[in-house]
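The structure under discussion appears below in the form of structure tokens.
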Amino acid sequence: MDRPPSLEHYKAAMLLSGVGDALGYRNQLWEYNESGPAIHKELEELGGIEKITAELPDWPVSDDTVLHLATAEALATGKEGEELLQDVAFRYVEAMKDMEGRKPGPSSILGVSQLKPGCERGYRVAYNAEGTGCGAAMRSMCIGLRYPHPDQLPLLISVAVETGRMTHPHPTGFLGAVASALFTSYAVQRRPIMTWGLGLVREACPVAKSFVLSQDYAVEETKRDWGYFTEKWEWYLAERGLSSGEGPVCWPHPYGPAERDLAYKSFSLSGWAGRSGHDAPMIALDSLLGAGSDWGELMSRAGFHGGDSDSTAVIACCCWGLLYGKEGVPECNYRKLEYRDRLERTAESLYSLSH
């Protein structure tokens, strides 16, 4: 894992993000199941993860992958600045036509309905005090694939903030996009996973705040609502013994599906684990810290819990693919995945652009 990621790692990142989404979603059955133990029991009845062939009609991708592809395919054009943001807005509007049975969230639907691609600043929407959901976080991992280098951090953050606020203009929402993009960039850089959370709070969030203050858009509202995201992340790092970024990680004992359901709820804004911009990447990071290179364990933690399981898995699996490729992943999990070609093709473009 010390060598920089290859093209195959990039392809695994995009592809496995879609796999995590499809498995965690299970055609609406698992995303809305509030019991991790019940999901694990159903998984056992299916023969375990190695027996799941993720293909249509039973295992579609959700809105998460459709919108992640929209972000990624815009980035893959190589456009920058205003031109890129207009293209992303256009693709989000188009992506909303592909939502039959995919369950997009209310903030995503509302935000996209307000976008006016092609008009001046048509990628900006009205501030939404309810825009705290995970819809920006779950579609932003590809930003870290496009801008993975440490000296690109300001660029990564400006793109994550601006694309995130197209639907989630509340900092708890759009900072989730910063977290997801940052974590994939850290995976490319091979930064130790124990340092990722501290990097988010101490390095990325201050840059994000400076960027927001430099833009003439919802500055006062954003300043007012800023604190929750960073405070909750500081709390999480203290819980896991990672406030210095060094570890060792402090895990609850035991920490099985039932215990994780309780823990993830304690991460959450309102009791629905992984539903918000701060806790979807938090559960993803928790899962990466606990699973190591074990794909089944990663999915157990990130994809099969009583919360927004597809949105936590889509983030975790993208990072995991960058770290480990497809090693140990049953071929049936990805061979016939919906949109596999688009995911891999976009990964190839992002890999070229990142070099």
Subset of the stretch 66-94, residues farther than 14 Å from Arg345 by Cα, in contact with a Leu (Cβ under 7 Å, 6 or more places away or on another chain) and crowded, with 22+ Cβ neighbours inside 10 Å, comes to Ala89, Tyr92
The number of residues in the stretch 173-194 that are surrounded by fewer than 24 Cβ atoms within 10 Å (Cβ to Cβ) and within 17 Å of Asp279 (Cα to Cα) is 2
Taking the conditions exactly as written (modelled with pLDDT under 95, surrounded by 15 or more Cβ atoms within 10 Å (Cβ to Cβ) and of a type outside the set (Ser, Thr, Tyr)), does Glu31 satisfy them or not? yes
State all residues of the stretch 29-87 that are in contact (Cβ under 8 Å) with a residue 24 or more places away in the chain and of a type in the set (Lys, Arg); if no residue qualifies, say none. Lys51
Right, Thr77: farther than 22 Å from Val219 by Cβ, outside any helix (DSSP H, G or I) and out of contact with any Phe, Trp or Tyr (no Cβ under 6 Å at 6 or more places or on another chain) or not? yes
Mind checking which residues of the stretch 184-200 are closer than 15 Å to Leu237 by Cα and within 17 Å of the chain's Cα centre (by Cα)? Ile193, Trp196, Gly197, Gly199, Leu200
Filter result (surrounded by fewer than 24 Cβ atoms within 10 Å (Cβ to Cβ) and touching a strand residue (DSSP E or B) at 6+ places or on another chain (Cβ under 6 Å)) within the stretch 125-166: none
Determine if the stretch 227-240 includes at least one residue that is without any contact (Cβ under 8 Å) to a residue 60 or more places away in the chain and on the phi > 0 side of the Ramachandran plot. no
Single match in Ser352, Ser309, Ser287 (criterion: crowded, with 24+ Cβ neighbours inside 10 Å, among the hydroxyl-bearing types (Ser, Thr, Tyr) and without any contact (Cβ under 8 Å) to a residue 60 or more places away in the chain): Ser287
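The values are calculated or read from the model by the stated rules, or taken from the named source; none is laboratory data. The structure displayed is predicted, hence computed values, not measured ones. Glycine also receives a Cβ, built like all others from the backbone with ideal geometry; neighbour counts cover every protein chain displayed.
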